[in-house]
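Student: Sharing a structure here in structure tokens format.
The values are calculated or read from the model by the stated rules, or taken from the named source; none is laboratory data. Computed from a predicted model, the values in this text were never measured in an experiment. For neighbour counting, all protein chains shown are included, and Cβ atoms are generated from backbone atoms with ideal geometry for every residue, glycine included.
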């Protein structure tokens, strides 16, 4: 009988699922999946996790319908970086700063938004009412990614944890 | 055990992450229940297997209760 059957046939009412939740979200492969999903989606689409197409404040002021200001586009072209969307990836420091902070009752995606003495949010104030609003929008997993996280990562980790307890 | 947890600032019932396991009266976790949670349509091919899983779960629970 497979894992489903093994789990089904045992009484696990005393298991602390909160501890298992923390353990699962502390796993390296799960953190990697979450971070890579956010970073890649942002890089290839220029939109945040909840679907906002990023445009800098200066680009908005210039009114040309471009994601970046004309000056930034010149810099980006010089570095062979995409100019048709805001990627939040210049040196890659922002992507590398992302991590998952997991506890028994919560799991939060966090990152360092400070860059050269200022906050990345300072460039997007016309789109977001606060830093917190910006942070939540950027560090959000898209719904399809969230479903894959549940189906391909969490369920498998949960099964492994339960089977470990079962075989103790 | 606390049933309400937060993932990225949004509150969920822990069973959203543990696939109804926490709420299951007979301690079973079937593939169709799991598919339902991840938004897939119930699959007839696994229904038979699920039925057996639930029956086995009920039998095991009864035995333990005796």
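Every residue, every condition in (1) more than 30 Å from residue A:57 (Cα to Cα); (2) crowded, with 17+ Cβ neighbours inside 10 Å; (3) in contact (Cβ under 8 Å) with a residue 40 or more places away in the chain, yes or no:
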{"site": "A:101", "(1), (2), (3)": "yes, no, no"}
{"site": "A:109", "(1), (2), (3)": "no, yes, yes"}
{"site": "A:117", "(1), (2), (3)": "no, no, no"}
{"site": "A:124", "(1), (2), (3)": "no, yes, yes"}
{"site": "A:140", "(1), (2), (3)": "no, yes, yes"}
{"site": "A:149", "(1), (2), (3)": "yes, yes, yes"}
{"site": "A:156", "(1), (2), (3)": "yes, no, no"}
{"site": "A:162", "(1), (2), (3)": "yes, yes, yes"}
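Student: Report yes if residue A:87 is within 19 Å of the chain's Cα centre (by Cα), within 14 Å of chain B (Cβ to nearest Cβ) and part of a loop (DSSP other than H, G, I, E, B), otherwise no.
Tutor: Considered against the rule, which asks whether it is within 19 Å of the chain's Cα centre (by Cα), within 14 Å of chain B (Cβ to nearest Cβ) and part of a loop (DSSP other than H, G, I, E, B), residue A:87 comes out as no.
Student: Need a quick list: helices (runs of 4 or more DSSP H) entirely within the stretch A:1-63 having at least 1 residues that are crowded, with 17+ Cβ neighbours inside 10 Å, more than 13 Å from chain B (Cβ to nearest Cβ) and at pLDDT below 95.
Tutor: Of the helices (runs of 4 or more DSSP H) lying wholly inside the stretch A:1-63, those with at least 1 residues that are crowded, with 17+ Cβ neighbours inside 10 Å, more than 13 Å from chain B (Cβ to nearest Cβ) and at pLDDT below 95 span A:28-45, A:57-62.
Student: Which one of A:145, A:89 is buried (at least 17 other Cβ atoms within 10 Å of the Cβ) and touching a residue at least 40 places away in the same chain (Cβ under 8 Å)?
Tutor: A:145
Student: Of the numbered conditions (1) over 22 Å from residue A:66 (Cα atoms); (2) part of a loop (DSSP other than H, G, I, E, B), residue A:145 satisfies every one except a single condition; which is it?
Tutor: (2)
Student: Could you say whether any residue in the stretch A:109-132 is assigned to a strand (DSSP E or B), in contact with a strand residue (DSSP E or B) (Cβ under 7 Å, 6 or more places away or on another chain) and at pLDDT 90 or above?
Tutor: Checked against the condition, which is being assigned to a strand (DSSP E or B), in contact with a strand residue (DSSP E or B) (Cβ under 7 Å, 6 or more places away or on another chain) and at pLDDT 90 or above, the stretch A:109-132 yields at least one hit.
Student: Select from the stretch A:126-138 the residues that are within 14 Å of chain B (Cβ to nearest Cβ) and touching a helix residue (DSSP H, G or I) at 6+ places or on another chain (Cβ under 6 Å) and write down the one among them that is surrounded by the most Cβ atoms within 10 Å (Cβ to Cβ).
Tutor: Only one residue fits best here, namely A:134.
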